[in-house]
């Protein structure tokens, strides 16, 4: 068992430990979506798995998968449907400057109940990990397929700092 003081979803431990986790979560709120005149019940269920393995002096590999289901009684601004995600990352051994590189790939899909098509997203990127979750720089390319024939390419640069 892991000693975390609160709910925190890290998706990686940057090679600090061998990890295998399985989580199942759910929530239900009567009249949790919509308006006072047209309320709807909100419910969600999710399952996720995280595997991370230290490879000795060869770095660390991280694999993650998740499934989510949302139900909103077809009211409100939240779209009901099912989604899933798979991701892989490899923390390269040794530091370059003050950090380590971690290339990653991710695939996500969402199947809205109200539509007959899936929305898909493919991501490729690299993190430059300076101090775990407290300091990280990221570069990510995403290809988003809306299922209507249109695709969007996006490039994102990010800086994460936690104090």
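The values are calculated or read from the model by the stated rules, or taken from the named source; none is laboratory data. What you are looking at is a predicted structure, and each value in this text was computed from that prediction instead of being measured. As a convention, Cβ positions derive from the backbone with ideal geometry for all residues, glycine included, and neighbour counts pool all protein chains shown.
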| query | How do the pairs read when you match residues in region 15-31 that are at positive phi and free of Cβ contacts under 8 Å to residues at least 24 places away in the same chain with residues anywhere that are surrounded by 12 or more Cβ atoms within 10 Å (Cβ to Cβ) and in a strand (DSSP E or B), using Cβ under 6 Å and keeping only pairs 6 or more apart or on different chains? | reply | 31/39
| remark: Taking first residues from region 145-161 that are under 15 Å from residue 119 (Cβ atoms) and second residues anywhere that are modelled with pLDDT under 95 and assigned to a loop (DSSP other than H, G, I, E, B), the pairs with Cβ under 9 Å that are 6 or more apart or on different chains are 145/118; 146/117; 147/115; 147/116; 147/117; 147/118; 148/117; 152/146
| message | Take residue 144 and tell me if it is surrounded by 13 or more Cβ atoms within 10 Å (Cβ to Cβ) and modelled with pLDDT under 95. | response | no
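Residue by residue, here is whether (1) exposed (fewer than 15 other Cβ atoms within 10 Å of the Cβ); (2) in a strand (DSSP E or B); (3) modelled with pLDDT of 95 or more holds:
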| position | (1), (2), (3) |
| --- | --- |
| 49 | yes, yes, yes |
| 66 | no, yes, yes |
| 77 | yes, no, no |
| 90 | no, yes, yes |
| 100 | no, yes, yes |
| 107 | yes, yes, yes |
| 111 | no, yes, no |
| 130 | no, yes, yes |
| remark: The condition from (1) modelled with pLDDT under 90; (2) under 26 Å from residue 93 (Cα atoms); (3) loosely packed, with under 11 Cβ neighbours inside 10 Å that residue 157 misses is numbered (1)
| Would you pick out the residues in region 1-26 that are surrounded by 11 or more Cβ atoms within 10 Å (Cβ to Cβ) and at pLDDT 90 or above? | 18, 19, 21, 23, 25
| remark: All-but-one check, residue 118 against (1) within 30 Å of residue 36 (Cβ to Cβ); (2) surrounded by 14 or more Cβ atoms within 10 Å (Cβ to Cβ); (3) at pLDDT below 95, failing number (1)
